[in-house]
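What follows draws every value from the coordinates through simple rules; no lab data is involved. What you see is a predicted model, and the numbers here were worked out from it, not measured in a lab. Cβ: placed from backbone, ideal geometry, glycine included. Neighbour counts: every protein chain shown.
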Amino acid sequence: MTHHGKYRATVTNNLDPLSQGRLQIDCPLVAVSGVWAEACIPNTDPSHGVLTLPAIGAEIWIEFEAGRVDYPIWTGVRWPAAAASDLVLLTTSGATLSLLANGSVEITSAGKVAVTAATVEVTAATVNLHTPIAKFDGVLECDALIAASSVTSPVYSPGVGNVW
């Protein structure tokens, strides 16, 4: 039996082991479960474009190549009544940009992350840096500096209150 047209399906896995943008799906209407549906998204291939993957549990639209249920193709996401989900952009090398429904933004990369601009401004109640070494090749200016353990410098200029 062939199945032509669009069908509703549910995403059960969005981590394609082949990194091809496939989704593992369930489509009870045609008794399809646990199969990988190939992506059919405009302007996306391994060399260019943007592919956003729906979350596990999301409802999607699928079709079947030549009507054959063993060749499912996902063609889009079905919009639920209320949708507040994460948006994760993932490169083939594994770098991610995550815009989370809770308002957070996360950037993950195994390589270098570079920001180049005339000015970079960060405003927050607290900025936490976790690194063994932070390097600055210019002047570091601050209103107050609190050193938790020590300050080391190759040059020391004694001043009022610095001499013991």
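One equal scatterer on each Cα of the chain, no solvent, Debye formula: the resulting log10 I(q)/I(0) at q = 0.20 Å⁻¹ is -1.38.
Taking 0.36 nm per residue of separation and subtracting the current Cα-Cα distance, fully stretching the chain between residue 59 and residue 71 would add 2.5 nm.
Each of 147, 62, 33 was placed along the dipole of the chain (beta-carbon charges, centred on the mean Cα), and the one lying farthest toward the positive end is 33. Each Cα pair under 8 Å and six or more residues apart adds its sequence gap; the mean of these over the residue count of the chain is a relative contact order of 16 percent. Each peptide in 145-153, 34-42, 7-15 gets a packing score, the mean of other Cβ atoms within 10 Å over its residues, and the list from highest to lowest is 7-15, 34-42, 145-153. Placing +1 on the Cβ of every Lys and Arg and -1 on the Cβ of every Asp and Glu, with no other charges, gives the range 7-84 a dipole of roughly 160 debye about its Cα centre. Compactness check for the range 82-164: Cα Rg over 2.2 N^0.38 Å is 1.67. The modelled label-to-label distance between residue 100 and residue 85, using points 7 Å beyond Cα along the C-beta direction, is 1.8 nm. Against the compact-protein benchmark of 2.2 N^0.38 Å, the Cα-based radius of gyration of the range 7-84 scales to 1.04. Spin-label pair residue 33-residue 147: with each label point 7 Å from Cα along the Cα-Cβ axis, the two points sit 6.6 nm from one another.
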